[in-house]
1. If the requirement is being outside any helix (DSSP H, G or I), modelled with pLDDT of 95 or more and not assigned by TED's automatic domain parsing to the domain that holds residue 461, which of these qualifies: 220, 236?
2. How many residues does the range 83-119 contain that are under 23 Å from residue 16 (Cα atoms) and out of contact with any Ser or Thr (no Cβ under 9 Å at 6 or more places or on another chain)?
3. Can you pull out the residues in the range 52-64 that are surrounded by 18 or more Cβ atoms within 10 Å (Cβ to Cβ) and among the hydrophobic types (A, V, I, L, M, F, W, C)?
4. Please enumerate the residues belonging to the range 68-84 that are farther than 19 Å from residue 116 by Cα and either polar (S, T, N, Q) or exposed (fewer than 14 other Cβ atoms within 10 Å of the Cβ) (or both).
5. Just to be sure, is residue 409 over 21 Å from residue 333 (Cβ atoms) and at pLDDT 95 or above?
6. With the condition being charged (D, E, K, R) and under 25 Å from the mean Cα position of the chain (by Cα), I'd like the helices (runs of 4 or more DSSP H) fully within the range 378-473 carrying at least 2 qualifying residues.
7. Could you tell me whether residue 379 is surrounded by 22 or more Cβ atoms within 10 Å (Cβ to Cβ), out of contact with any Ser or Thr (no Cβ under 8 Å at 6 or more places or on another chain) and among the hydroxyl-bearing types (Ser, Thr, Tyr)?
8. Only residues that are within 14 Å of residue 14 (Cβ to Cβ) and in contact with a helix residue (DSSP H, G or I) (Cβ under 9 Å, 6 or more places away or on another chain): list them for the range 41-57, please.
Amino acid sequence: MQTDINHCFDKLCPASIAVIGASSNASEIGWVKRLQNFGYPGKIYPINPKAKVIHGLQAYANICDVPDSIDYAILNIPALSTPQAMRDCAVKGIPFVHCYTAGFSESGTEVGKQLEIELAQIANNNGIRLLGPNCMGIYCPESGMTFSEDFPKEKGRIAFVSQSGAEASRLILLCQDVNLNFSKVISYGNAADLNETDFLEYLAGDTKTDVIGLYVEGIKNGHRFMSAIRRCMERKPVIILKAGLTENGAGAAISHTASFTGSQSVWQAFFRQTGAISVQTIDEAADTVQGLTRLQKLRGKCVALIGRGGGIGVVAVDICERAGLKVPPFSDVTRQQLAQIRPDPGASLRNPVEPKLGMEGAGEFYLCGLPVIDEDTETDVILIQMAVDVYGGHTTDLVQNVSEAAYALCAAADSLKKPVAVALFTGGHTDTVLAAAAARDILTKSGIAVFSGIEAAAKAISKVYYYQSRKME
């Protein structure tokens with residue numbers, strides 16, 4: 001009889017971790033060193049029959065030799081050795097085992113498939129919950145657990161459940177770039193025991209998580225999965241990147257985690273019925289996470305565009321409209337007030353509106369123009385195209401000028417009723433890239449959503465509106 005999933009997830013904050021197959025190479029960043037460098041506060045027990053001390057810690061030849069109780073074990077040994085290690089964990093009474101090792105059903109071999117079945121049977125017969133095999137495991141800043149020492153130590157309110165460790169790592173780093181952090185990230189691989197639905201059922205009631213992301217290749221139990229998604233959606237948004245919908249993608253998924261993927265039409269119906277948010281790439285997932293986190297005040301789909309006019313503005317309108325948004329003309333009152341702020345001949349005041357040229361002019365417009373647009377009755381969200389490459393120029397004080405404009409935008413946005421999003425254009429020059437990075441850091445630390453371009457911003461806003469409108473139904 002397996003341990004209850006909610007009790008199992010108490011072990012996301014384990015007091016002790018054993019690493020079976022801990023590397024004795026002093027220069028190698030293995031699991032023991034990774035946990036130490038990240039600041040894991042609990043006890044770590046390296047298991048290696050050929051070493052006495054590993055990274056300053058006493059090593060043991062076998063897990064059963066450890067005199068203390070152990071909450072969590074990581075298997076970092078060849079696949080053929082894992083069944084015996086799992087039996088040893090059962091003797092030791094370890095409730096949660098993470099099998100990092102690959103070479104199971106995803107290999108396509110009969111040996112690999114049988115090994116995975118054997119691991120799952122040992123776990124089931126001994127009340128052990130098994131994570132994996134073939135997965136990176138758990139990143140939980142609160143508990144000090146990680147599968148990369150480079151991940152942020154700050155905790156957030158986003159959770160991500162991923163069949164792929166690489167996609168999990170990429171989302172963490174993409175969100176780090178915009179100052180968003182995670183409550184927990186779970187890479188679960190082949191899902192011989194614990195699967196995506198187990199994690200979703202837990203996260204539905206997790207008070208430390210506000211937004212859930214999911215990367216999935218195949219589903220173990222469709223009805224249970226749909227029920228879990230609906231339960232989550234009653235309380236918080238769920239973003240799903242469903243991989244393997246094309247014929248070749250499905251074949252790649254089978255070789256990656258041995259998952260059977262389902263048809264595209266079935267998944268389209270699933271998204272319609274549950275209201276879960278579909279994304280196509282991990283970059284889009286990161287953008288949608290940011291939108292749901294920072295554009296919560298969004299109540300409609302009409303966009304006020306601030307940025308370059310001319311062709312750039314026309315293209316921006318087209319992009320927004322294709323994403324399902326609207327870019328209506330400003331009200332007469334708004335245009336009259338903007339004309340006093342932006343009196344230059346030829347300046348567009350209709351929507352989009354163009355700030356004065358130069359970053360100094362843009363910063364000035366943010367302070368005096370955005371409050372006017374905030375009162376406009378025709379629009380719901382303010383989307384600013386901050387074109388560092390065009391407005392900024394290539395001057396020695398570019399970073400300072402762009403940073404000052406970003407600070408001005410933060411000051412203005414703080415008192416606005418409408419949500420503000422920024423499409424930040426970096427350009428290809430080193431100086432504009434550095435200036436844009438400085439602006440992004442300033443803006444996102446103030447809670448402003450920043451995207452890599454107008455298309456990414458429009459898609460994210462559209463998905464937030466979709467979620468908000470479904471909630472209000």
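The values are calculated or read from the model by the stated rules, or taken from the named source; none is laboratory data. Values in this document were obtained by computation on a predicted structure and should not be read as measured data. Because the Cβ atoms are built from the backbone with ideal geometry, glycine has one as well, and the counts that use them run over all protein chains shown.
1. 236
2. Number of matching residues: 12.
3. 54, 59, 63
4. Result: 68, 69.
5. Against the criterion (over 21 Å from residue 333 (Cβ atoms) and at pLDDT 95 or above), residue 409 qualifies.
6. The helices (runs of 4 or more DSSP H) meeting that bar are 430-445, 454-472.
7. Yes, satisfied.
8. 42, 44, 45
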